Structure formats: C-alpha cells, structure tokens
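Since the structure comes first, as structure tokens, the remarks are kept for the end.
The values are calculated or read from the model by the stated rules, or taken from the named source; none is laboratory data. Fair warning: this is a prediction, and the values are worked out from it, not measured in the lab. Glycine gets a Cβ as well: all are built from the backbone with ideal geometry, and neighbour counts include every protein chain shown. Heavy atoms of the whole protein, side chains included, go into the accessibility calculation; ligands, DNA and RNA do not. Shrake-Rupley method; radii C 1.70, N 1.55, O 1.52, S 1.80 Å.
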Amino acid sequence: IEGKACKELFVVVDCSASMSGHHIQEARIFVASLSRLARLGFVKGHVVLSAGKPSRWESYKLPLADEVVAKISAFAQAEGLENAIKGNLKLASNADYVMVYADGQICDSPIDKTGLHRHGVFTWGLYAGDEPDYLENMHLHFDKVIMRQNAEQLVDAMLLQKK
C-alpha cells in the first residue's frame, strides 16, 4: 500500500453462504496475511465479519488471533455489507483504506457509495477467484475492485495499489 508508514485498514469479510468452500478458505488466508502484516507493523486497523438477514457483524482489531481466523465461516443468507460498514462508520471513516472481501455473488442492494463518500469512505472490493463474470457486480457495490486468482496474489496486488 502506498507509502512506508503504517496504514489503517478497515476490512469487511463477507460471511454469506455463497462464500463456502474455496472462497471462505481464501478469506481466512487473506485475513491471516493481514494479521501477519499487522504483527510486523505494516498495517493496523479492524476486520469485520459480516452476515446478513438479519444483518449482524463481529469487529476485531488487527492482528487477529489464530483462533478467530480459524472460525471465519460462510453461514448467512445474505452479506449485510452496507450495514456492517455503516454500523462501524467511525472506524471506516478513520481508515486509510476501506476494503470488502467478497465472492462477487452479492445479493444485497447496491451499497450507497454516495452516502459513504459524504463521510470520506471510499470502498475497495476484493475478490480472489476465477469467475470474471462477477467483476461487473463488484463494480456496482464498490468504488474500486481488485480481482486475483488467490488470496496471496490479492494481498500482493493490494499492497501495490495507490489510493
């Protein structure tokens, strides 16, 4: 991520049922990578595990304990992404980067990007997988989208991005 100073991240992880299997495994790798970067002092911030209908989330400060990373699972009927961001708006507003890790199969209504922009929140959609058809859907919800084959490539690409 641009610059050498420690960056503040706010990351929402989609824990909906469509994330089951490969996608949730990649999400765990992604969050474990962020935790490692936090332990090394490169990033700080929060990870929010989001589930919808009814919308609920759990917020954790980086770095996450290995037990928390291991319990990340795909179980909910929907994503609840916007509610997770709005419910943690102060954390999101204070972050240098607001990112949402999802599989592209987002059934929530599009995120109110204009409303979030009024609070200085611009979102990045992050996706690890090989279904290019989800790119258009990701752009409906997020200001910027990064898609790569796996979580490792996604973290590498994320670290090279400019705001």
Not counting ligands, DNA or RNA, and with a 1.4 Å probe, what is Ile146's accessible surface area in Å² rounded to the nearest 10? 10 Å²
How much mean residue ellipticity at 222 nm does the chain get from its helices, if each DSSP H run of length 4 or more adds -39500 (n - 2.57) and you divide by all residues, to the nearest 500 deg cm²/dmol? -9500 deg cm²/dmol
Span from the the stretch 34-63 Cα centroid across to the the stretch 88-106 one, whole angstrom: 10 Å
Tell me, what is the 1.4 Å probe accessible area of Asp112, in Å² to the nearest 10? 60 Å²
For the chain, built as a Gaussian network whose Cα springs stay under 10 Å, the top-fluctuating residue of Lys71, Lys44, Lys61: Lys71
Go through Ser20, Ser35, Trp57 and say which Cα lies farthest out towards the positive end of the charge dipole of the stretch 4-62; charges sit on Cβ, +1 for Lys and Arg, -1 for Asp and Glu. Ser35
For the stretch 116-125, Karplus-derived ³J(HN,Hα) couplings (6.51, -1.76, 1.60; θ = phi - 60°; whole Hz; x for glycine and proline) come out as 5, 4, 4, 9, x, 9, 10, 9, 10, x
Roll a 1.4 angstrom probe over the protein heavy atoms and tell me the percent of accessible area of the chain that is carbon or sulfur. 51 percent
Residue-normalised accessible area of the stretch 82-163, expressed per residue, 1.4 Å probe, Å²: 49 Å²
Amide H of Arg56 versus every other amide H placed in the peptide plane: which residues, excluding those fewer than 5 positions away on the same chain, fall under 5 Å? Ala51
Kirkwood hydrodynamic radius of the chain, from inverse mean 1/r over distinct Cα pairs, in Å: 15.3 Å
Protein chains only, probe 1.4 Å: how do Arg148, Arg118, Arg36, Arg56 rank by accessible area, largest first? Arg118, Arg36, Arg56, Arg148
Antiparallel DSSP beta bridges within the chain, as percent of all bridges there, nearest 5: 25 percent
Taking 22 Å as R0, compute the FRET efficiency from the Cβ-Cβ separation of Arg36 and Gln153 and round it to 0.05. 0.90
Relative contact order, percent, the stretch 2-121 [alpha-carbon distance under 8 Å, six or more residues apart]: 36 percent
Taking Cα pairs closer than 8 Å and at least 6 residues apart, the relative contact order of the stretch 57-144 in percent is 28 percent
For each pair in Lys53/Lys144; Lys44/Lys86; Lys113/Lys144; Lys71/Lys113; Lys7/Lys144, compute the distance between the two Cα atoms and list the pairs where it is over 22 Å. Lys53/Lys144; Lys71/Lys113
